[in-house]
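Undergrad: What follows is a single structure, and I will ask about it in a moment.
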Amino acid sequence: MILFLIGYMGCGKSSIGRELARRTGFAFVDMDREVERECGGRTVSQIFEQEGEAFFRACERKTLERLCTGERMIVATGGGVPCFGDNMEVMNAAGRTVYFKMTPPKLAQRLHHGRDKRPILRGMDDEQLLRFIERNLREREPFYSQASMVIDCDGVSDDYICNHVRMYIEKYEAK
Ligand code: S3P
């Protein structure tokens, strides 16, 4: 089974994914890091700057196709992955998808420090960041909501989310 963690930037896909892998014995893969490796060790920001977003999205797609051949793996996807081409269908066909749902104010709070690492958010002040997330999330929600499971993550602990997803994996694997 491959479990794809999806959701907006800052919702906790990578940190929770790593912990979940530790608890389940699944391998953990961070898609952003895979794309960076496949682009000659450049950072996501450098790829955006030097090649543009379309190139980055094409790399994400290639990486996704490669990962879909794996087994017993938890993949923390980049926040944009589900929203381009038929990536969402590809993930749902190859495994299960779990959406970490979070409201814009909570995301903005969590992205306060991380915004400069994300080319899409760079340079925004707090007010601009919140407005951008509200708008962008509205556009992305139709994709994210196609997930096999949705978890409301506002106000719940990482431990709660981990347990919830772990039970989901166990139930799925027992089938
Ligand atoms: C992006 C999310 C980022 C990274 C890139 C674009 C997006 O990943 O792939 O900056 O479009 O939402 P994280 O969700 O891991 O921050």
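Undergrad: Name the pairs: first residue in the stretch 10-33 and touching a residue at least 40 places away in the same chain (Cβ under 8 Å) and within 16 Å of the ligand (Cβ to nearest atom), second residue part of a loop (DSSP other than H, G, I, E, B) and hydroxyl-bearing (S, T, Y), Cβ to Cβ under 7 Å, at least 6 apart or on different chains?
TA: K13/T77; M31/T77
Undergrad: Go through the residues of the stretch 98-113 one by one and say whether even a single one is of a type in the set (F, W, Y), in contact with a Lys or Arg (Cβ under 8 Å, 6 or more places away or on another chain), surrounded by 18 or more Cβ atoms within 10 Å (Cβ to Cβ) and touching a residue at least 60 places away in the same chain (Cβ under 8 Å).
TA: yes
Undergrad: For E127, work out the one condition from (1) exposed (fewer than 13 other Cβ atoms within 10 Å of the Cβ); (2) touching a Cys at 6+ places or on another chain (Cβ under 9 Å) it doesn't fulfil.
TA: For E127, the failing item is (2).
Undergrad: One residue is enough: does the stretch 44-52 have a residue meeting the conditions at pLDDT 95 or above, out of contact with any Leu (no Cβ under 8 Å at 6 or more places or on another chain) and part of a loop (DSSP other than H, G, I, E, B)?
TA: First, the residues of the stretch 44-52 that are at pLDDT 95 or above: 44-52.
From the residues that got through so far, the ones that are out of contact with any Leu (no Cβ under 8 Å at 6 or more places or on another chain) too are 44-52.
Next cut, part of a loop (DSSP other than H, G, I, E, B) only: 52.
Scanning the stretch 44-52, I find at least one residue that is at pLDDT 95 or above, out of contact with any Leu (no Cβ under 8 Å at 6 or more places or on another chain) and part of a loop (DSSP other than H, G, I, E, B), so the answer is yes.
Undergrad: Among (1) assigned to a loop (DSSP other than H, G, I, E, B); (2) within 14 Å of the ligand (Cβ to nearest atom); (3) farther than 17 Å from G12 by Cα, which single condition is C59 missing?
TA: (1)
Undergrad: OK, next. Any residue that is free of Cβ contacts under 8 Å to residues at least 12 places away in the same chain and basic (K, R) - is there at least one of those in the stretch 40-63?
TA: Scanning the stretch 40-63, I find at least one residue that is free of Cβ contacts under 8 Å to residues at least 12 places away in the same chain and basic (K, R), so the answer is yes.
Undergrad: Residues that are at pLDDT 95 or above, touching a strand residue (DSSP E or B) at 6+ places or on another chain (Cβ under 7 Å) and among the β-branched types (V, I, T): list the helices (runs of 4 or more DSSP H) wholly contained in the stretch 67-175 that include at least 1 such residues. Quick ask: steps written out before the conclusion?
TA: On the way: elements: 87-94, 104-110, 126-144, 158-174.
Hits in the stretch 67-175: 158-174.
Undergrad: State all residues of the stretch 42-52 that are touching a Pro at 6+ places or on another chain (Cβ under 8 Å) and exposed (fewer than 14 other Cβ atoms within 10 Å of the Cβ); if no residue qualifies, say none.
TA: Of everything in the stretch 42-52, just one residue is touching a Pro at 6+ places or on another chain (Cβ under 8 Å) and exposed (fewer than 14 other Cβ atoms within 10 Å of the Cβ), namely E49.
Undergrad: Then there is this: Looking at the structure I just gave you, is R42 more than 12 Å from the ligand (Cβ to nearest atom) and either farther than 24 Å from K171 by Cα or among the small types (G, A, S) (or both)? Outline the logic, then answer.
TA: Values: more than 12 Å from the ligand (Cβ to nearest atom): yes; either farther than 24 Å from K171 by Cα or among the small types (G, A, S) (or both): yes.
Yes; evaluated as a whole, the condition is true for this residue.
Undergrad: Continuing with the same structure: Could you tell me which numbered condition P82 fails, if it satisfies all but one of (1) more than 14 Å from the chain's Cα centre (by Cα); (2) within 16 Å of the ligand (Cβ to nearest atom)?
TA: (1)
The values are calculated or read from the model by the stated rules, or taken from the named source; none is laboratory data. Predicted, not measured: the structure shown is a model, and the values here were computed from it. Backbone-built Cβ (ideal geometry, glycine too); neighbour counts: all protein chains shown.
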